[in-house]
1. Against the condition outside the structural domain of Val315 (by TED's automatic domain parsing) and touching a helix residue (DSSP H, G or I) at 6+ places or on another chain (Cβ under 8 Å), how does Phe148 come out, does it pass?
2. In the list Ala231, Ala235, Ala239, which residue meets the criterion of being at pLDDT 95 or above and surrounded by 23 or more Cβ atoms within 10 Å (Cβ to Cβ)?
3. Quickly run through segment 143-194 and pick out the residues that are of a type in the set (Gly, Ala, Ser) and in contact with a strand residue (DSSP E or B) (Cβ under 8 Å, 6 or more places away or on another chain).
4. If the requirement is being within 25 Å of Pro285 (Cβ to Cβ), free of Cβ contacts under 8 Å to residues at least 60 places away in the same chain, part of a strand (DSSP E or B) and not assigned by TED's automatic domain parsing to the domain that holds Asp99, which of these qualifies: Val229, Val255?
5. Can you pull out the residues in segment 336-354 that are part of a strand (DSSP E or B) and either among the basic types (Lys, Arg) or more than 22 Å from the chain's Cα centre (by Cα) (or both)?
6. Restricting attention to segment 137-185, which residues are surrounded by 17 or more Cβ atoms within 10 Å (Cβ to Cβ), at pLDDT 95 or above and charged (D, E, K, R)?
7. Filter segment 111-124 for residues that are hydrophobic (A, V, I, L, M, F, W, C) and crowded, with 24+ Cβ neighbours inside 10 Å; which is farthest from Gly16 (Cα to Cα)?
8. Out of all the residues in segment 267-279, is one or more charged (D, E, K, R) and under 26 Å from the mean Cα position of the chain (by Cα)?
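The values are calculated or read from the model by the stated rules, or taken from the named source; none is laboratory data. Here the structure is a predicted model, which means the values were calculated and not measured. Cβ placement follows ideal geometry from the backbone for every residue including glycine, while neighbour counts extend to all protein chains displayed.
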Amino acid sequence: MYAQAIERIEGGPAAGDVVTVVDARGQFLGRGFYSPKSAIPVRILTRHQDDTIDAAFLGKAIEDAAKWRRELLRLPNNDTTGYRLIHSEGDGLGGLVVDIYGDTAAVQLLTLGMKVREADIFAEVQRVTGVKTVLEIASERTQRLEGFEVKTAVVRGPEITTLNFKELGFTHEVVFGEAQKTGYYFDQRDNRAMLETFAKGKRVLDAFCYTGAFALAAARGGASQVVAVDASAAAIASAAVAARHHQLDDKIELVRADVKKFLPEMAEKHDEFDIVIIDPPKLAPTARHVEQGRKAYRRLNSTAAKLVKKGGLLVTCSCSAAMRPGEFLRTVGIAARDSGRNVAMLHLGTQGADHPVPASFPEGRYLKCAFMRVT
């Protein structure tokens, strides 16, 4: 519930307390955790007046999330042991994110209400999933807003040095402590699978490749060559391990470089690719950053479009929730014209089904992955 929707607060609740929300007539609307410093002061966890938000409630919600992923999405399975178990509001647990990496769970507590119940949450995640190790992952911006501090660390089970898991049949090993977000971007799984179907015989550039998941998919799909670029030495090292493990290192050239400098250098050489993938970090983190984000996406996509052969594909992504899909696509279209190209959208991908979003919360549908034919 956003701050502007609240008329008054009664009873003097403390940060992290369970509060009840009623309408102007006193009718029950819901119950959730109170976060007075947040733009969303109440994260509604239940619409049922008889519910008590306690350890049993949290455990049941985690069980439900695991159950429908297992039955509907077949997660985990023999080919995919890495996935999102809890996606905040999409699983009725606003302020909680849990990713599974084989025998390890990575937990982010994004509200003080979740933080003060961390012992119950860690225990229930381990009980429901059977993982050996539970990590707590820091989210500095959110923690600063909520008023608590977290350091990324193991909180239950044996210490680990790497996150080991499978996705779409690929084995991944990400160094814990040098990983981004909770460790990996499970939200792009479906988009990587689609890319693989387009890759046969193609020369592919994977920019902002991180641990090389798009590059691996392209190589397995029959790409003639894949150039994968990222500024992170740890990410490039992880990508190299995966490429060797799957005997695809002869097809994948890994380059450690600043993508924003690398792309213009390639354009100046008039180098071209059949498929160019750009999956940058969040360039518009909040609504007040949308204008600067739009400029950054425009520059990036303009240069990328120059590197695509006539009739080739530009696969361009944005994980900025503040930039809505229509605005992002318009920006890409303008960027293409800047480079003397036209683009036609073949497909607009979004986050995978293990990242559900309430129908009434479209802002939660943050990921855009546009497959564009370039002419």
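1. yes
2. Ala239
3. The initial filter retains those residues of segment 143-194 that are of a type in the set (Gly, Ala, Ser), namely 147, 153, 157, 169, 177, 179, 183, 193.
Passing the criteria: Ala153, Gly157, Ala179, Gly183.
4. Checking each option against the conditions leaves just Val229.
5. If the condition is that a residue be part of a strand (DSSP E or B) and either among the basic types (Lys, Arg) or more than 22 Å from the chain's Cα centre (by Cα) (or both), then Val343, Ala344, Met345, Leu346 are the ones that fit.
6. Once the filter is applied, which keeps residues that are surrounded by 17 or more Cβ atoms within 10 Å (Cβ to Cβ), at pLDDT 95 or above and charged (D, E, K, R), segment 137-185 yields Arg156, Lys166, Glu167.
7. Ile121
8. yes
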